[in-house]
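Notes to accompany the following structure.
The values are calculated or read from the model by the stated rules, or taken from the named source; none is laboratory data. Please read all numbers here as calculations on a predicted model, not as lab measurements. Here the Cβ positions follow ideal geometry from the backbone for every residue, glycine too, while neighbour counts run over all protein chains shown. To get the accessible areas, we keep the full protein, side chains included, count just its heavy atoms, and leave off ligands, DNA and RNA. Shrake-Rupley method; radii C 1.70, N 1.55, O 1.52, S 1.80 Å.
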Amino acid sequence: MTMTNQERRGISLEPNMIHDPNVQQFFNEVRKRLIELIGDEAEADRLLLALAGYIRHAEKSGQSLDSLLNQDPHEYARFLIEQPETNEEYRRRYHVLIDASDELKPHEKAQANRDFDWAVNQLDEAKLSLKEIEVRDLAFLAYTKIEALKSSRTIWNRFGWLLGMILAFSYANLLLVIDDVFSGRLFTAPMSTYPIDYLAFLLPVLVTGAIFGILTRFRHHIHTLGRRIAFALLIVVVYVTSIFLIQPLLMTIGWSFIIQLTPLYALILLAISGFMAIWTLIEFVWKSTRCSLGDDTLMLYY
């Protein structure tokens with residue numbers, strides 16, 4: 001007996017699969033409506049496999065299902081029956097689902113549509129059909145992307161300041177290495193020591209990074225060249241102001257952290273902080289909004 005892709009992935013309609021009673025009620029209403037529309041219980045269960053897999057994945061990962069519950073179960077059942085055939089139909093119906101969501105902001109809808117268009121374009125260039133490589137229904141793909149963007153928004157709203165400080169820490173060490181390069185110390189005397197008040201140097205950069213991280217939640221407004229230049233100038237002003245405010249304050253209260261730094265140690269600091277920054281960007285920025293598309297033979301992330 002040949003196993004389907006859904007069965008290989010462990011997706012089934014076993015009893016008590018769904019823990020949330022509201023989700024279970026939605027699932028039952030969709031199933032009931034499907035049976036009414038097509039008159040075939042086995043076919044209705046086959047169409048529900050993707051929805052079952054989505055719900056199971058969401059409950060295991062703690063992902064919200066609010067965007068799914070906001071749908072009309074009768075309309076959702078009709079949507080499952082009317083499956084798209086061509087890549088262009090997938091694209092058009094995906095846009096309809098995203099644009100109809102009341103959980104995304106306009107710029108997030110534009111991002112979701114743009115990312116999906118990129119994935120479909122990749123398939124078009126390879127002359128592949130999305131229907132051939134993707135067993136999950138289109139609503140599953142759209143709702144997964146909606147939840148990913150909501151999760152990303154939450155991360156930036158709550159921890160944008162921290163992400164900004166991590167990036168700023170790497171940038172501060174980059175400034176030290178740049179200074180060593182232009183002064184020639186890195187090449188002529190990589191182990192020569194020089195004193196530096198690391199706290200007075202680092203703190204203004206970290207404060208600027210925190211403010212930068214907080215302001216990035218409004219990054220969708222910075223889409224023109226003029227606004228980007230104005231934003232860059234604002235960050236420079238914040239950094240200069242931080243230097244003039246923080247360094248005298250540290251001197252007044254007598255706080256300092258003077259270290260004997262060498263160009264080689266500065267390079268090691270840059271490597272460590274750079275790894276932290278790259279890992280942070282991948283885990284909390286890139287991965288938080290990327291969703292998979294395809295099967296074991298071909299997988300795209302959009």
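Would you please name the chymotrypsin sites (Phe, Trp or Tyr not before Pro) within the stretch 235-282 that are DSSP coil residues with at most 15 other C-beta atoms within 10 Å of their C-beta?
The qualifying sites are Trp255, Phe257.
Taking only the alpha-carbon atoms of the stretch 115-158, what semi-axes of the equivalent ellipsoid follow from 5 times the gyration tensor eigenvalues under a square root, in whole Å, largest first?
In descending order, the three semi-axes are 27, 13, 5 Å.
Might you tell me the accessible area per residue for the chain, computed with a 1.4 Å probe and given in Å²?
The answer is 56 Å² per residue.
Which whole DSSP H helices in the chain pass both tests: a Cα extent of 24 Å or more along the axis and a mean Kyte-Doolittle value no lower than -1.0?
The answer, listed by residue number, is 21-38, 41-61, 138-183, 198-215, 225-253, 263-280.
Length gain on complete extension for the stretch Glu36 to Asp102, per 0.36 nm per residue less the alpha carbon to alpha carbon distance?
20.9 nm
Considering the options Leu206, Ala189, Leu250, tell which one lies farthest towards the positive end of the dipole of the stretch 179-265, charges being +1 on Lys and Arg and -1 on Asp and Glu at the Cβ, about the Cα centre.
Ranked along the dipole, the leading option is Leu206.
Cα to Cα, under 22 Å, and not fewer than 8 places away if on the same chain: which lysines meet these conditions relative to Lys109?
Lys145, Lys150, Lys287
Provide the three semi-axes, in whole Å and in decreasing order, of the ellipsoid equivalent to the stretch 189-272 as defined by the square roots of 5 times the Cα gyration tensor eigenvalues.
30, 18, 10
Quick one: give the max-minus-min coordinate of the C-alpha atoms of the stretch 68-172 along each principal axis, largest first, in Å.
54, 36, 22
Report, in debye and to the nearest 20, how large the dipole of the stretch 39-197 comes out about its Cα centre when Lys and Arg carry +1 and Asp and Glu carry -1 on their Cβ. Can you show the working numbers first?
Numbers: 18 positive and 27 negative charges, 130 e Å.
My answer is approximately 620 debye.
Share of the stretch 213-258's accessible area from carbon and sulfur, percent, 1.4 Å?
The computed percentage sits at 75.
Ratio of the stretch 151-302's C-alpha Rg to 2.2 N^0.38 Å, to two decimals? Working shown, then result.
Numbers: Rg = 18.8 Å, N = 152, 2.2 N^0.38 = 14.8 Å.
The stretch 151-302 yields a ratio of 1.27.
Name the residue farthest towards the positive end of the dipole of the chain from the options Ala77, Val135, Thr280, assuming +1 on Cβ of Lys and Arg, -1 on Cβ of Asp and Glu, about the Cα centre.
Thr280
Quick one: putting +1 on the C-beta of Lys and Arg, -1 on the C-beta of Asp and Glu, what dipole do you get for the stretch 130-180 around its Cα centre, in Debye to the nearest 20?
Approximately 340 debye in magnitude.
Which number comes out as Rg/Rh for the chain once both Rg and the Kirkwood Rh are worked out on C-alpha atoms?
Computed over Cα atoms, the ratio is 1.12.
Only Lys, Arg, Asp and Glu count, each charged at its Cβ (+1, +1, -1, -1), so figure out the dipole size of the chain about its Cα centre, rounded to 20 debye.
About 1160 debye.
Give the relative contact order (percent, whole number) for the stretch 88-220; include only Cα pairs under 8 Å separated by 6+ residues.
31 percent
Sort out for me the Cα centre separation of the stretch 271-302 from the stretch 71-139, rounded to whole Å.
21 Å
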